[in-house]
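Everything on this sheet refers to the single structure shown next.
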Amino acid sequence: GAVVSQHPSWVICKSGTSVKIECRSLDFQATTMFWYRQFPKQSLMLMATSNEGSKATYEQGVEKDKFLINHASLTLSTLTVTSAHPEDSSFYICSASPGIQGGTGELFFGEGSRLTVL
Amino acid sequence: AQSVAQPEDQVNVAEGNPLTVKCTYSVSGNPYLFWYVQYPNRGLQFLLKYITGDNLVKGSYGFEAEFNKSQTSFHLKKPSALVSDSALYFCAVRDKAGRRALTFGSGTRLQVQP
């Protein structure tokens, strides 16, 4: 299957600092990527849809000024958690799909990034 | 709005026994259904999907799932469980006419005992 790479896998930061997480599609181009957030022992919640060359589409309740998404190329999307606070600590996972395929294609996921804000 | 329900938080099964992880869905129109597995501190790995055609779908690692339109279910099955199958399993749905993001169920932890 297609490969999605996410970096870093683990990050610890101090409260008030910003953290950037990268998501790359290694062997395909992705005009759209998705960012999910997963709390311990809970499901994945869609945060936003990252669109190459345009603004991201955020889900209701997600602060776009806190979670900045940039999709500057067809293989890279970044999520920046600005002015991080302990409640932002979570597991962030990105995903992408090679091509539209009429919507039948499965999403491929990165390995996730665990953010801990002290 | 589309939704997915996984009624069991955890399923316990002995190694070598068949396993079933339940999933029901709600969408407008015909669904695209998916199963993923997640190991600790890892991303999700794709197991199988139902788009159209045969109701019984075969996937990776010996898993299969049966699509039942009348019961709006898409249960994951495996004839003989392995200890290494122990993980967190997620059912997901995409509305055929909707966007490409997936909506996930709450997850079911599968524990296979030796």
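Every number in this text was worked out from the coordinates using simple rules, so none of it is lab data. What you are looking at is a predicted structure, and each value in this text was computed from that prediction instead of being measured. Glycine gets a Cβ as well: all are built from the backbone with ideal geometry, and neighbour counts include every protein chain shown.
Site pair A:S18 and B:Q2 shows an inter-label distance of 3.4 nm when each label is modelled 7 Å from Cα along Cα→Cβ.
Taken over the stretch A:5-90, the convex hull of the Cα atoms encloses 98 Å³ per residue.
The value of relative contact order for the stretch A:1-60, using C-alpha pairs under 8 Å at least six residues apart, is 25 percent.
Which entries in B:K49/B:K77; A:K41/B:K69; A:K14/A:K66 show an alpha-carbon gap greater than 24 Å? From B:K49/B:K77; A:K41/B:K69; A:K14/A:K66, over 24 Å: A:K41/B:K69.
Restriction of the chymotrypsin sites (Phe, Trp or Tyr not before Pro) in the stretch A:35-110 to DSSP coil positions whose beta-carbon has at most 10 other beta-carbons within 10 angstrom yields no sites.
Sequence-distant contacts, meaning Cα pairs under 8 Å at least 6 residues apart, place the relative contact order of the stretch A:1-103 at 35 percent. Within 10 Å, at most 15 other Cβ atoms, and a DSSP state outside H, G, I, E, B define an exposed site. Report the longest part of chain A free of exposed trypsin sites (Lys or Arg not before Pro). Free of exposed loop sites, the longest segment is A:67-118.
Annotation note: GluC sites (Glu not before Pro) in the stretch A:9-79 located in DSSP loop regions with a Cβ neighbour count of at most 11 within 10 Å are A:E63.
Computing FRET efficiency as 1/(1 + (r/R0)^6) for A:S54 and B:Q111, where r is the C-beta to C-beta distance and R0 is 41 Å, gives about 0.40. For the stretch B:1-41, just say rounded, prolate or oblate: build the C-alpha gyration tensor, square-root its eigenvalues into a ≥ b ≥ c, call rounded for a/c under 1.5, and beyond that prolate if a/b exceeds b/c, oblate if not. Because a/c hits 1.5 or more and a/b exceeds b/c, the stretch B:1-41 counts as prolate.
Test of the criteria: in the stretch B:47-114, which trypsin sites (Lys or Arg not before Pro) are in a DSSP loop and have at most 11 other Cβ atoms within 10 angstrom of their Cβ? Of the trypsin sites (Lys or Arg not before Pro), the ones in loops of the stretch B:47-114 whose Cβ has at most 11 other Cβ atoms within 10 Å are B:K69.
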